[in-house]
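Each remark here refers to the structure printed beneath this line.
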Amino acid sequence: MILVSSTVAFGQTKTTQALDDKYEGLSLFFYKNTLRMLNQTDDKEFDELIKDIDKMKFMMIDKGESAFTSADYKKLKSAYVSESYEEMMSGRYDGKNFDVYLREKDGQIKGTVILANDSSSLFVLDILGKIALDKAPALFKTIDSSTDIGKKIKDFAGINEKNEKKAEEKKSEAKKNNDPDTNNQ
């Protein structure tokens with residue numbers, strides 16, 4: 001039992017585990033077999049993209065719901081660096097900021113962490129293995145467009161949209177109740 005639990009934890013960084021423990025969100029694990037199942041169109045480029053991935057954890061955190069701030073994001077990036085991950089690239093794609101970190105051992109890439117950050121959500125891919133750095137956005141797009149996983153992500157995001165709408169309605173109602181012109185009518 002101890003061997004099994006240590007195998008499951010291997011490959012996932014302590015930082016990702018701490019993030020998962022601290023914030024509510026969507027967490028999904030993928031192994032090589034399940035990643036291949038995402039390739040519903042038998043895309044050779046996708047097969048090439050995932051060929052060096054042994055295991056991956058995908059996380060999505062709603063920043064508004066969990067009170068995740070830009071200061072928390074800076075701490076998160078520093079925590080990966082403290083685990084011997086080196087920042088390899090930063091960029092922007094499809095409205096998201098991407099930060100990619102790699103951990104090497106004996107000249108081989110052993111781990112990859114990809115952070116995708118936008119105004120409302122934080123996405124984390126913690127990978128045991130490696131992917132071509134310029135293909136990281138394509139991996140996010142494939143995960144999102146996968147029928148089952150995309151639905152889970154959209155459902156999760158939909159819940160958050162409903163919560164945002166309720167908060168706006170409450171603000172609007174509170175404003176009406178505190179507006180002197182409305183109260184005098």
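All of the numbers you see were taken from the coordinates with simple rules; none came from a lab. Here the structure is a predicted model, which means the values were calculated and not measured. As a convention, Cβ positions derive from the backbone with ideal geometry for all residues, glycine included, and neighbour counts pool all protein chains shown.
Just order 45-56, 66-77 by mean Cβ neighbour count inside 10 Å, highest at the front, would you? Kindly include the intermediate steps, with their values, before the conclusion.
Details: 45-56: 16.8, 66-77: 13.7.
My ranking of the peptides, most packed first, is 45-56, 66-77.
Below 12 angstrom from the Cβ of GLU24, what's the summed charge of the other residues (Lys, Arg +1; Asp, Glu -1)?
Values: positive: LYS22, LYS63; negative: ASP20, ASP21, ASP62, GLU65.
Charge balance near GLU24 sits at -2.
First select every other residue whose beta carbon is under 10 angstrom from the beta carbon of TYR101; then total the charges, Lys and Arg +1, Asp and Glu -1.
Values: positive: LYS77, ARG103; negative: GLU83, GLU86, GLU87, ASP99, ASP126.
Around TYR101, the charge tally is -3.
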